[in-house]
Amino acid sequence: MHPITVIEMLMSAALIFLLFVTAFLLPAKIRRLSIIAASSATVLILLFFALRPFWIDYHVSRKTEQLNHYLERKYPGQEWKISRRIGRQYNPYHLMVEFENEKGWTYTYSVVDEKNICQSVWTPPEGRLPNQGEHFERNECE
């Protein structure tokens, strides 16, 4: 498990523990209501951790589709491979593109929405500059 995930889970567990301790220390009149609130917060946090991977995968698939449409319009007749870095430390919405006719070059695209797609990182082969790439784009992300 990635350290960021461990920290998130420990902080969530500490928050849940604090909520339940506070709920049990409150007067009897409002104890039941506060335990219900702490239980609800626990369920919401568990749902967050359970659903987040599916949410990210759904959005990555949509953004990959949007990037494919963008590349089809910009570079008709060419072929490419879209991938992404796996891991919590990497932004899942930065998609890496390798064009078939330009081996050794990797272009990383940031996909905000269908209208806002831009290259954010260029990885040329050793000894080459980014602007020497056939698919180099100099445009700013909004």
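Below are the figures for this structure:
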item: 0 to 90° range, to nearest 10: angle between helix 3-25 axis and the chain longest Cα axis; result: 20 degrees
item: Neighbour-count ranking [beta-carbon atoms within 10 angstrom, fewest first] of TYR90, TYR107, TYR75; result: TYR90, TYR75, TYR107
item: Lysines with Cα under 27 Å of LYS81, excluding same-chain neighbours fewer than 8 positions away; result: LYS63, LYS103, LYS115
item: Angle in degrees between helix 28-74 and the longest Cα principal axis of the chain, rounded to the nearest 10; result: 10 degrees
item: Charge dipole magnitude, Cβ of K and R +1, D and E -1 - the chain, Cα centre, debye nearest 20; result: 900 debye
item: For the stretch 3-132: relative contact order, % (alpha-carbon pairs under 8 angstrom, 6 or more apart); result: 15 percent
item: Distance histogram for the chain (every C-alpha pair counted, 10 angstrom bins, percent rounded to whole numbers); result: 10, 29, 22, 16, 12, 8, 4, 0
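A short reminder: the numbers here are calculations on the coordinates, not readings from a lab. Since the model is a prediction, treat every value here as computed from it, not as a measurement. We place every Cβ from the backbone using ideal geometry, glycine too, and count neighbours over all the protein chains shown.
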